[in-house]
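Here the structure comes first, spelled out in structure tokens, and everything after it is commentary.
Here, each number is a calculation from the coordinates, and none is a lab measurement. Keep in mind that what you see is a predicted model, and the values were worked out from it rather than measured. Cβ placement follows ideal geometry from the backbone for every residue including glycine, while neighbour counts extend to all protein chains displayed.
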Amino acid sequence: GGGRRQRQRWIRDRVEVGQKHHLVIGATVEEDGAEVGIGIARCIRSGDGDSAEVAVTVVDDYQHKGLGSLLVAELARFAKTRGIDQFTAYVPAERRSLMNRLHGRGFEMIECRDGIALLGFRLPNLAA
């Protein structure tokens, strides 16, 4: 907005934090010469080893523009190379719009308890 000059740039650095394989990827834009974070996706490997809980945050001005989906897709490619085969996500059951979007992107209901839905998504195999 406003006459601010913006140039989008993706952070290609992938970070592994600690022994639980906490993977993180983010997106930034350049605004008036400063790099500003606009979104982040992360996953933390579960105890069973082949699945990880995923979470995504996108700042308000960039929501509903596909950025979250792009971040999750890039994170999935990275996670697959680390032996992660499934993402899981906990979502408040009353957030029907979010649940519908996730279902439309391949997430399936695993269980729902105490108003919290657990969704799962099998990561696709990487092309050879």
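Peptides 56-66, 33-43, 86-96, 71-81 ranked from most to least packed give 71-81, 33-43, 86-96, 56-66, packing being the mean of other C-beta atoms within 10 angstrom over each peptide's residues.
P(r) tail, the stretch 57-128: Cα-Cα pairs separated by more than 15 Å, 59% of all pairs.
Using 0.36 nm per residue and subtracting the Cα-Cα separation, the extra length available between LYS65 and ARG82 on full extension is 3.3 nm. Each residue of the stretch 79-91 was assigned a 3J(HN,Hα) from its phi angle through the Karplus expression (A = 6.51, B = -1.76, C = 1.60, θ = phi - 60°), giving 5, 4, 5, 9, x, 8, 10, 8, 9, 10, 8, 9, 9 Hz with x at Gly and Pro.
Spin-label model, GLU35 to ILE110: label points 7 Å out along the Cα-to-beta-carbon direction sit 3.4 nm apart. Each of ALA55 and SER97 was given a label point 7 Å from its Cα along the Cα-to-Cβ line. The distance between the two points is 2.2 nm.
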